[in-house]
Amino acid sequence: MPFDYKKEYKEFYMPPKKPVIVTVPPMNYIAVRGEGDPNTADGEYKRSIELLYGVAFTIKMSKKSSHHIDGYFDYVVPPLEGLWRQDGVNGIDYAHKEKFRWISLIRLPDFVTEADVEWAKEEASRKKKADFSKVGFLTYDEGECVQCMHIGSYDDEPATVQLMHEYMEQQGYTLDISDSRLHHEIYLSDARRVTADKLKTVIRHPVK
């Protein structure tokens, strides 16, 4: 069986449906940066996802190529994630999605280096006849956070966020969102195949 991140790192990928405080270690990702409403048809956000998965599966299938990655083992590609912010907003204003600045992410296995990502970008560009240059290697050290499993529509997230912030304050923490510590979402469901009321999304906010 391939290594499955959601099972092996359950604390971070499958939290309970009530808020908890966690300390997230540094993790490596492939990332694409952009801005604007993620719901725009054929927009920048949707293109970023195509770029990420193109590189992610090129890395996963490198075992069948001439590119050898030291320490490689078979694994399940982790779910799509997103870091979100809006200028001048301490958190997220869901009513103005056009003002989003975002980083789309897919986590990398620890054995994948920045050089391996550069190889995968070139390989994907060659095979798919497309430009993958926007994909970058990112190490994100998240630290202490409050997180919760949100079940339901993305537009209903504010209620879950409110519960997270109430719990955080009860535990003696304050919100610590900044330009470097961001609203974080992990998308465990495929919105094309799951009804909005059953979507599973991990929501994570930095605290201090």
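Taking the Cα centre of the chain as origin, work out the dipole magnitude from +1 charges on Lys and Arg Cβ and -1 charges on Asp and Glu Cβ, in debye rounded to 20.
It works out to roughly 720 debye.
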*Bin width 10 Å, alpha-carbon pairs only: give the P(r) of segment 25-68 as whole percents, running from 0 to the bin holding the largest distance.*
24, 38, 28, 10
_Neighbourhood net charge (15 Å Cβ-Cβ; Lys/Arg +1, Asp/Glu -1) for Phe3_ = +2
*For the chain, calculate the relative contact order in percent as a whole number, restricting contacts to Cα pairs under 8 Å that are 6 or more residues apart.*
29
*Of the trypsin sites (Lys or Arg not before Pro) in segment 1-106, which ones lie in a loop per DSSP and count no more than 15 other C-beta atoms within 10 Å?*
Lys17
_Averaging over every viewing direction, what projected area does the convex hull of the Cα atoms of the chain cover, in nm²?_
11.8
*asked:* With n ≥ 4 as the cut-off for DSSP H runs, can you work out [θ] at 222 nm for the chain, using -39500 (n - 2.57) per run divided by the number of residues, rounded to the nearest 500?
replied: -8000 deg cm²/dmol
*Volume in Å³ per residue [convex hull over Cα atoms, computed for segment 27-140]*: 104
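Bear in mind these aren't lab numbers, they're just calculated from the coordinates by the rules spelled out. Source: prediction; values computed, not measured. Quick reminder, even Gly has a Cβ in these numbers, built from the backbone with ideal geometry, and neighbours come from all protein chains shown.
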